[in-house]
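Nothing in this text is a laboratory measurement; each read-out follows from the coordinates by a stated rule. Nothing here was measured: the structure is a model prediction, and the numbers come from that model. Cβ coordinates were reconstructed from backbone atoms using ideal geometry, including for glycine residues, and neighbour counts include every protein chain displayed.
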Amino acid sequence: MSNSTDTGAGSAQAYSGYGLESFLASLAVSVAVAGVQLGLFILLRNKLARIYKPKTFLVPERERTDPPPSSPWALITGLMKVPDREIIKKCGLDAYFFLRYLKTLLVIFVPLTCIILPILLPVNFVDGRGSNLWTNTTTSDDSVVGLSVLAWGNVKTENYERYWAHLILALAVIIWVCYVVFAEMRVFVRVRQDWLTSAEHRLRASANTVLVSSIPKKWLSEEALRGLFDVFPGGIKNIWLTQDFTPLLDKIKKRNKIHKQLESAESDLIRDCKKRQLEQREKDEKEARKQQRTKKPTKKERVQRQKDEDQEARRRAQVEDGLTMGENGEDVAEAQAAENAIAHPEEQTHGGQLNPLNAVGKVFKTGANVVERAGLGVRGGLSTVSQGIDSQLERSGGFVATTGRPSMRPSEYNTSKSSDQQELTTNHHINTTRNIENIDDMYVKESTRWYQFWKPPSGGYTSPVPQGARYEKDPFDLEKSLWTKIKHYIPFMGDDEVPVEYPQYVNPGQTEVYQEQPTPEWEKWIKAKDRPHHRLPFFDFTPSWLPGLPFIHKKVDTIYWCRQELARLNVEIEEDQKNPERFPKMTSAFIQFNNQSAAHMACQSLIHHVPKHMAPRVVEISPEDVIWDNMAMSWWMQWSRVILACGFVFGMVILWGFPVAFSASLSEIDSLIQKYSWLGFLKENASVYKFVKLAAAVLPQAFLALILALVPIVLSMIAEFQGVKTGASRSEWVQIYYFFFLFVEVFLVVSITSGALQTIANIAQDIEGLPTLLAENLPDASNYFFSYLLLQGASVSSGTLLQVSSLAMWYVLSRILDSTARAKFIRQTSLPKVKWGSFFPVYTNFACIALVFSVIAPIMSIFAVINFSLLWCAHRYNMLYVTRFKTDTGGKLYPRALNQMFTGLYVMELCLIGLFFLVQADDGTYLCYKQGIIMIVAIILTALYQIMLNREFGPLLSYLPITFEDEAVLRDVAFEVERQIKENKLRDDDEESSAGEKIEANASRPHSATSNDDGQYELDDLDKQEKQSSAKKHHKKSSSGGMSIIKHSRTWVAGTGNAVLDSTYGSAERKVKQMAQKRHKKFVRDLENQRAIGDALFGDYADEIEDLNPADRDEKIRKAFTHSALRARRPVVWIPRDDIGVSDDEVRRTNDYSNHIRISNEGTALDSKVRVLYGQAPPDFSEEDLIQL
């Protein structure tokens, strides 16, 4: 192979003949960077729990994990021992399948490494074109040097028979990868089905709710949708029609912005007053010392004073004796849910059927005690208590009919019971069609003309009509002219808004423009000009970060203006929430079924008789994951946007190729110095030149990572633009786009040509020559990717553990940006998140690169194994102890990642086809055409295999088979039994603990009533328990008959020897033990403090839906898919409390102006350095923010 690189070749060609010396230099830099980061992580891990293990205390109880071991070696073994089910429970399916994906890559490459390397390395190296492994100096045009002597290109033409080994091993790679993918597909289906049918998941609204898009207007009513979808088993529980609340959402966003601005301004005002008070106190004390001729306080006295003030501030932040004023505001979503429950009582009985959990709960309320006392457990209780309902559960698909009457559908008991109708109902149980007054209405009366080829023949049936008396048009659906419809989408030319009269938002006697009442508390400390001010922009769409211009923009008092605007918006928003009929309906709806299998059946059925109507239908949607702004988008608009998005991504790939090619060209330092004379100074000094060479080995990859950081953000915006309805769908599209981007830019562009445009042009001009193009360029590019994978594995994994960005945000940005209690609470409780759509493709691209070079450059497998092993350890730690997962796609990205891995196989096969046909004799004879033909057959079989694999597994990847329904019902029963047993045990424990508390209160010791700040009382209890347990063990050991005498004699002999050792080494040993005890006590104390923080923030809230009783659970579910604009609650202005009365005065004055503003200073305080403290969650924090529905 030629070692020269022309201007059209990929920049990675410069690494052709990459010597072991250069490689070791690159390796040293990568290991040094990784070692520094890993060392810092080990030093800081146990000291900075907020950064390195926040999931052990800063999340709700259901997400918390046990603290990791303090020892690094114990940490490694501990990570290995964490069960997979624990990861699924604490982190979700996406996190589990990502870790499984890394492990799957290890399963692929570890056996391949063990098999390929012992065979291909001697085949490539022995009697090859070159043998100089150490340096990259070229001795002749035909020689191969550096790491390339271990690759394909080192085999001489006369040794062409050796290429059979490459073929056999390539086929082994293909077969092994295909088998592993098949096995992983099976595992994925089983794990996902277990997760879908678990009792905990089936309680959520997302388990049996379907999002239906592109609903025709005549079907866009609750009655019509009920009549259409109640053909599925179990009936319908809830229906949420979506509406276009864009104006209301804009108001809510503006209110949130003003609310945040008011909290910040109030906090700044209170802090400024407190600072002035401290300055005044210092002056007064100084003057008093002059008059009394006393000394200045010592440093120790000042420190003690600060401690006392800080202690008082912490006490003030923890007690609930602050002020809270203002009305709460009505929960409109809850009120509407209650109205729906009254309007549709059949929802509570599920169409004449009871919820199995509720029914089972009633049965097991008495039966669980019997099961518990009999010691049968869940399995025994299942076999004894549920005998009377097993057959009924099996027949009804998980729902028990109401006792004493047959199961009926809503449409059956809402209609009048005439004799004809009773007969019809008896004969056709599932009939829910509308009543027909005239038989002739069933037929089309209009005759079809001979030229109307687009119409069916005359005399046919009419199109289906929705159930209901008559279809009434929505007032927003009035006929509009074409120009009116076009104007609606043109900015500033839309329809004029209908003016709405809103109630007064200020209290009686107050003016709308805020006017300060006399003698406010802040006037004692600062002047009016020192209050927070800002300038108002001319337009609402002006970015908030743009500063106002003097003499142009109006300057206002921030607090006064925010009070007025917040009160006005609170009234307008709540009034709009009470009148949702003001907003037009959108073409989608959420339909919740009583039966989980019915929801999956509805997604797989053909619902509408016109293409693209009532489609797509999506199940397993989390309410928090819905993108409400895209609900009104029609199917044709989505398709057009998808085309635009694909074109934009294609353009991005082309344009981004220039900086990517530039990053790769940085490695060609000699060529750059030769081309640009002004860089000649780099070669003048030998030390500088050596440093530049080392930097050139790492800089291209680092620069490449930097310029690729913006790509996922742009792709996420593109995916949302094209009209996806959920965050999960957005992640799936980002995964597709980002993998395409990475594979072209990071692999093909760097390997083949100097730009994406040239790559595409070369392929388009000669598509048949693609194998030859790959064969001529990829082998020489392998050395570049050695360095690339090594840098990613070493530095990225250690950087993932160190979390430099989190350290900077916590210790730098938080001190600058977080000035309010809410901002600090959000910073404290906001843990790092993972955007799975841009996470999987990075590692899929690694896998493809490793597969492409697995046979061409065998040592690539070693770097792949090292890379994936390090990344698996780093990400496993972060998933368990650092990263929080609020939404989950249910693992859907994993099968796509496995499918994308076939791209590496196809490129490897194409490259090998070209390489086999490039092996020619001097007379032009193809020496390896047999191998080439076999590889052509292999690529065809691989494609067929992938098509068949996806065809067979396709439905199972998203939907639940009917065979699991009975199993799911049994799991519901078992879950209810277990829940009842736990409740009974907790009730018994509470009774015992209350009795024990009475006994302790009667016989309490003096020291048991108090505990010091270090938690010594808890530590004494722990030590006492350990001593008692050790005493019991000692008693058991010493009661062993005659053997105790022998043991005692051995102990006496050993004791005489230990007495001599104790005189020399005993003192040092005691010191070591004391230090160990100190560290242990500090570790326990830190754990207690961390748990106290988590309990203080989340302890009073239910964080799991199974924690709620059935009534509360149904109440939450009834408003789960209500539009976010209707669920928005009135925010509470949370300001810090002080000891000079300014905060309390601000609360009172805000309430005097308008009781539509809720303001509070409970749970906050200012410390001695005028920093804001908080001791609880914000007053408007709700369990709805924690529970996943």
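Just list whichever of K455/K725; K274/K307; K585/K725; K260/K527; K53/K254; K90/K892 have alpha carbons separated by over 28 Å in the model shown. All intermediate terms of the calculation are to be shown ahead of the outcome.
Working: K455/K725 34 Å; K274/K307 17 Å; K585/K725 16 Å; K260/K527 24 Å; K53/K254 35 Å; K90/K892 18 Å.
Going by Cα-Cα distance, K455/K725; K53/K254 fall outside the 28 Å limit.
For M586, M325, M908, which order do you get if you count the other beta carbons within 10 Å of each Cβ and list the fewest first? Could the numbers behind the result be given before it?
On the way: M586 21, M325 18, M908 27.
Going from least to most buried by this count: M325, M586, M908.
Label-point separation (nm) for E967 and S447, each offset 7 Å from Cα along Cα-to-Cβ?
Going from the E967 label point to the S447 one covers 6.2 nm.
Taking the Cα centre as origin and putting +1 on Lys and Arg beta-carbons and -1 on Asp and Glu beta-carbons, what dipole magnitude results for the stretch 897-987, to the nearest 20 debye? Don't jump to the answer; show the numbers that get you there.
Numbers: 7 positive and 11 negative charges, 59 e Å.
Result for the stretch 897-987 is approximately 280 debye, rounded to the nearest 20.
Give the separation of the Cα centroids, the stretch 13-86 to the stretch 686-754, in Å.
Computed from Cα coordinates, the inter-centre distance equals 23 Å.
Quick one: which of 681-690, 306-315, 861-870 comes out on top by average Cβ neighbours within 10 Å, and what's the full order, highest first?
Details: 681-690: 11.4, 306-315: 14.3, 861-870: 22.5.
Descending mean neighbour count gives 861-870, 306-315, 681-690.
Among Q243, L225, A165, whose Cα lies farthest out toward the positive end of the dipole of the stretch 149-264, if unit charges sit on the beta carbon of Lys, Arg (+1) and Asp, Glu (-1)?
My answer, from the dipole projection, is Q243.
Could you give the length gained on full extension between K930 and K982, defined as 0.36 nm per residue of separation minus the Cα-Cα distance, in nm?
Details: separation 52, 0.36 × 52 = 18.72 nm, distance 6.91 nm.
That works out to 11.8 nm of additional length.
Report, in listed order, any pair from K296/K824; K257/K1169; K253/K886 with a Cα-Cα distance greater than 25 Å. Walk me through the intermediate numbers first.
Values: K296/K824 36 Å; K257/K1169 28 Å; K253/K886 22 Å.
Correct reply: K296/K824; K257/K1169.
Give me the number: length gained by fully extending V812 to I119, i.e. 0.36 nm times residue separation minus the C-alpha to C-alpha distance, one decimal in nm.
On the way: separation 693, 0.36 × 693 = 249.48 nm, distance 5.38 nm.
Gain on extension, V812 to I119, equals 244.1 nm.
Report the calculated FRET efficiency for E1104 and R50 (r = Cβ-Cβ distance, R0 = 41 Å), to the nearest 0.05. Let's see the in-between values first.
On the way: r = 24 Å, r/R0 = 0.59.
That gives a FRET efficiency of 0.95.
Roughly how many whole Å is it from the C-alpha centroid of the stretch 768-829 to that of the stretch 234-261?
When both Cα centres are located, 36 Å separates them.
Between K103 and R1148, how high is the FRET efficiency from 1/(1 + (r/R0)^6) when r is the Cβ-Cβ distance and R₀ = 51 Å? Nearest 0.05. Before the final figure, lay out the partial values.
Details: r = 61 Å, r/R0 = 1.19.
Efficiency computed from Cβ-Cβ geometry: 0.25.
About the Cα centre, and with charges only on the beta carbon of Lys, Arg (+1) and Asp, Glu (-1), how big is the dipole of the stretch 216-329? Nearest 20 debye, please.
I would put it at about 1060 debye.
Which value in nm describes the separation of the simple spin-label points at V500 and K307, placed 7 Å from the Cα toward the beta carbon?
5.8 nm
Show me 159-165, 81-87 ranked by packing, highest mean number of other Cβ atoms within 10 Å first.
Values: 159-165: 16.0, 81-87: 13.0.
Ranked from most to least packed, the peptides come out as 159-165, 81-87.
Can you give the FRET efficiency for R281 and V319, using 1/(1 + (r/R0)^6), R0 = 35 Å, r = Cβ-Cβ distance, to the nearest 0.05? Write out the running numbers ahead of the final one.
Values: r = 24 Å, r/R0 = 0.69.
Rounded to the nearest 0.05, the efficiency is 0.90.
Grab the Cα-Cα distance for V126 and I526, subtract it from 0.36 nm times how many residues apart they are, and report the gain in nm with one decimal. Write out the running numbers ahead of the final one.
Values: separation 400, 0.36 × 400 = 144.00 nm, distance 8.61 nm.
Gain in length upon complete extension: 135.4 nm.
Where Lys and Arg each count +1 and Asp and Glu each count -1, what net charge lies around W836 among other residues with Cβ under 14 Å from its Cβ?
Working: positive: R100, R730, K833, K835, R884, K886, K892, R896; negative: D94, D625, E732, D888.
Result for the local shell: +4.
Label point 7 Å out from I940 along Cα-to-Cβ: which residues of the stretch 892-917 have amide N under 12 Å?
Backbone N within reach: none found.
Net charge around V177, counting only other residues with Cβ within less than 14 Å of its Cβ (Lys, Arg = +1; Asp, Glu = -1)? Present the calculation step by step, with values, prior to reporting the outcome.
Details: positive: none; negative: E184, E909.
Spelling it out: positives minus negatives among the neighbours equals -2.
So for each of 196-203, 638-645, 1128-1135 I average, over its residues, the number of other beta carbons within 10 Å; can you give me the resulting order with the highest mean first? Let's see the in-between values first.
Values: 196-203: 19.0, 638-645: 15.2, 1128-1135: 24.0.
Taking the mean over residues of other Cβ atoms within 10 Å, the ranking is 1128-1135, 196-203, 638-645.
Let me know the charge dipole size of the stretch 566-688 about its Cα centre in debye, to the nearest 20, where only the beta-carbon of Lys, Arg (+1) and Asp, Glu (-1) is charged. Kindly include the intermediate steps, with their values, before the conclusion.
Values: 9 positive and 12 negative charges, 91 e Å.
In total the dipole reaches around 440 debye.
Describe numerically, in nm with one decimal, the distance between label points set 7 Å from Cα along Cα→Cβ at M948 and at T157.
It works out to 4.1 nm between the two label points.
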